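The values are calculated or read from the model by the stated rules, or taken from the named source; none is laboratory data. Just so we're clear, the structure is a prediction, and the values are computed from it rather than from any experiment. Glycine gets a Cβ as well: all are built from the backbone with ideal geometry, and neighbour counts include every protein chain shown.
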Amino acid sequence: MTYSVLRISDDTLVQTATNGADVIRNFGQVLDFLGALNWVLGTDQTYGLAYGEQNWLNPQQGWMSGAIQIGIWESLYELDPTEEMNIAGGNFRVSPSSHSWNALDSRGVELLERTFTAMSNTDPVSDRGVRWFQLDGGQDLLGDPVQIPAPATGLLVVSGLLLLANARRRRG
């Protein structure tokens, strides 16, 4: 399984054919959602996260993680700018009812409602902090661009540590 790692920006609209139907994804709206989510999670004492632009990557509980995933899907697939973001209508819907086995926790519904409201008053998350991990024929992922050191860098660090240890042993 190999993912393609792609950058996204506020004007990234992706159209792909799936099962003969075109699917459009609005990554710019996702950046708006993540920016608002970071703000809500960082400023509301109920949540109290302090990761800044990475609040969306650090949910503290399962219900929070579920709400974030649903918010990403909602912002990714709801393309009509005249409609309000909500989980009960549009192209992507989730049952907010507590009587359904796959319902979103009421705390998650509240988090999403606050975030959708904040989207018009907050800045989007920077596209530097989000990557699209695309898998043909599989589930795509969003994540942060973590720098992975090259093997040569690791070898240089270990060699330097060994030289320091050797020099220290000779002195002492």
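Would it be correct to say that Ser159 is at pLDDT below 85, among the small types (Gly, Ala, Ser) and part of a helix (DSSP H, G or I)?
yes
For segment 10-126, which helices (runs of 4 or more DSSP H) that fit wholly inside it have 1 or more residues that are under 14 Å from the mean Cα position of the chain (by Cα), at pLDDT 80 or above and closer than 17 Å to Gly143 by Cβ?
Helices (runs of 4 or more DSSP H) meeting the threshold: 27-43, 62-77.
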